[in-house]
Amino acid sequence: MKTVDQKTSSRSLWKRMWRHRVSYLMILPPIVTVFIFHYIPIYGVQIAFKDFSSRLGIWGSKWVGLKHFRAFVNHPFFPRIMWNTFWLNVVSLIFWPSSIIFAILLNEMRSLKLKKTCQMLTYAPYFVSTVVACSMCRMFLNRGGLFNIAGDILGFEYVNLLSSAKAFPWINAVVDLWRGLGWGTIIYLSALAGVSGELVEAARVDGATRLQVIWHVNLPHLKPTIITLLILRMGSMLSSGFEQIYLLQTPLNLDASTVISTYVYETGLVSQQFSYSSAIGLFNNIINIVLILAANTISKKVSETSLW
């Protein structure tokens, strides 16, 4: 039986919800979308532990436990696939501070027209489809492309970079940088907009230069945002963008471009090993969860900034 206090609290809750019903209706579509596309599919994760047969269905397929996980870990190319995925993300992480630097540079621009122009030029590539971006990259790097024409003018020999396994991680990172630089600055610019003008003026009155204001005022204000985004970034260290890597892949750079996402595609959709590919995807997600938990714990102890 509910007590009088519980009944009163329940009525009060429903009254508040009815009072703010418009706000609840506004958040209903994203909640339904997340539930449909992120929670309902969890039901199908069980095929990673079964020998899935389309004839028998998910429930009717034979349970095999960790068979597919062991098969992946014992695969001859397992170390290379894991290393390629990790290394591609590490190289991309090297360029990650560029968004912070660019946001600070934009924030320091005095000319509003120049600032808007730079923002437009750097935001635009984000809206270019991955297929077009990768096609442009291939055109620039082929024998008659812009990169090699410039090399011919400067007297350098032709180098087919897309066929080089060593160059592939850097090419992938540069394409990521080109497409995401402007878009990645949005959050940092928003954070910089919250810097107190009085604090900046006080620093300048005390004789601080523009560089000192950036270092002692702007960067400390950005610190929580940087740490939060870095924690989220660490949670995807074993997740690489499939489309871009697959479109830049050539038979000669497979030693560096074969990552978990492309391997899942080849085994799951091409070879139709659904249970095996599902096990690989689940294994990858578990590792990512462990990484984000570790990064959050370390950050909480070191900087007192964390996601939870």
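Is it true that Leu247 is open to solvent by 20 Å² or more (accessible area, probe 1.4 Å), part of a loop (DSSP other than H, G, I, E, B), in contact (Cβ under 8 Å) with a residue 40 or more places away in the chain and in contact with a Ser or Thr (Cβ under 7 Å, 6 or more places away or on another chain)? If you could, list the steps in order and put the result at the bottom.
Numbers: open to solvent by 20 Å² or more (accessible area, probe 1.4 Å): yes; part of a loop (DSSP other than H, G, I, E, B): no; in contact (Cβ under 8 Å) with a residue 40 or more places away in the chain: yes; in contact with a Ser or Thr (Cβ under 7 Å, 6 or more places away or on another chain): yes.
Taking the combined requirement at face value, the residue does not satisfy it.
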Original post:
Is there a residue being open to solvent by 60 Å² or more (accessible area, probe 1.4 Å), at pLDDT below 90 and either of a type outside the set (A, V, I, L, M) or closer than 22 Å to Ile171 by Cβ (or both) anywhere in region 228-241?
Top reply: no
Original post:
In region 295-308, what residues are loosely packed, with under 15 Cβ neighbours inside 10 Å and either in contact (Cβ under 8 Å) with a residue 24 or more places away in the chain or in contact with a strand residue (DSSP E or B) (Cβ under 9 Å, 6 or more places away or on another chain) (or both)?
Top reply: Ser303, Leu307
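Go through region 82-108 and report how many residues are outside any helix (DSSP H, G or I) and surrounded by fewer than 15 Cβ atoms within 10 Å (Cβ to Cβ). Give the steps one after another, and end with the answer.
Narrowing region 82-108 to residues outside any helix (DSSP H, G or I): 95-97.
Filter once more, keeping what is surrounded by fewer than 15 Cβ atoms within 10 Å (Cβ to Cβ): 97.
Looking only at that region, the number is 1.
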Subject >> Index of the failed condition, Gly268 passing every other in (1) open to solvent by 40 Å² or more (accessible area, probe 1.4 Å); (2) assigned to a helix (DSSP H, G or I); (3) under 28 Å from Val45 (Cβ atoms) >> reply: (1)
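Tell me which helices (runs of 4 or more DSSP H) are completely within region 163-228 and hold 1 or more residues being touching a Pro at 6+ places or on another chain (Cβ under 9 Å) and of a type in the set (A, V, I, L, M), or say none if there are none. Give the derivation first.
On the way: elements: 168-193, 197-205, 210-213.
It comes to 168-193.
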**OP:** Enumerate the pairs (first residue in region 203-224 and without any contact (Cβ under 8 Å) to a residue 12 or more places away in the chain; second residue anywhere and assigned to a helix (DSSP H, G or I) and open to solvent by 80 Å² or more (accessible area, probe 1.4 Å)) with beta-carbon separation below 7 Å, excluding pairs fewer than 6 apart on the same chain, so at least 6 apart or on different chains.
**Re:** Ala208/His216
**OP:** Take Lys116 and decide whether it is loosely packed, with under 14 Cβ neighbours inside 10 Å, touching an Asp or Glu at 6+ places or on another chain (Cβ under 7 Å) and among the charged types (D, E, K, R).
**Re:** no
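Residues checked against (1) touching a helix residue (DSSP H, G or I) at 6+ places or on another chain (Cβ under 6 Å); (2) hydrophobic (A, V, I, L, M, F, W, C):
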position	(1), (2)
Ala208	no, yes
Met234	yes, yes
Ser257	yes, no
Thr262	yes, no
Leu269	no, yes
Gln273	yes, no
Ile280	yes, yes
Asn284	yes, no
Original post:
Applying the selection to region 38-72, what residues are touching a Phe, Trp or Tyr at 6+ places or on another chain (Cβ under 9 Å), within 24 Å of Ser240 (Cα to Cα) and free of Cβ contacts under 8 Å to residues at least 40 places away in the same chain?
Top reply: Gln46
**OP:** Considering every residue within region 212-228, establish whether at least one is within 29 Å of Leu121 (Cβ to Cβ), of a type in the set (Ser, Thr, Tyr) and within 27 Å of the chain's Cα centre (by Cα).
**Re:** yes
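The values are calculated or read from the model by the stated rules, or taken from the named source; none is laboratory data. Since the structure is predicted, the reported quantities are computational estimates derived from the model, not experimental observations. Virtual Cβ from ideal backbone geometry, glycine too; neighbours counted across all protein chains shown. Note: accessible area is taken over every heavy atom of the protein model, side chains too, but ligands, DNA and RNA are not part of it. Shrake-Rupley method; radii C 1.70, N 1.55, O 1.52, S 1.80 Å.
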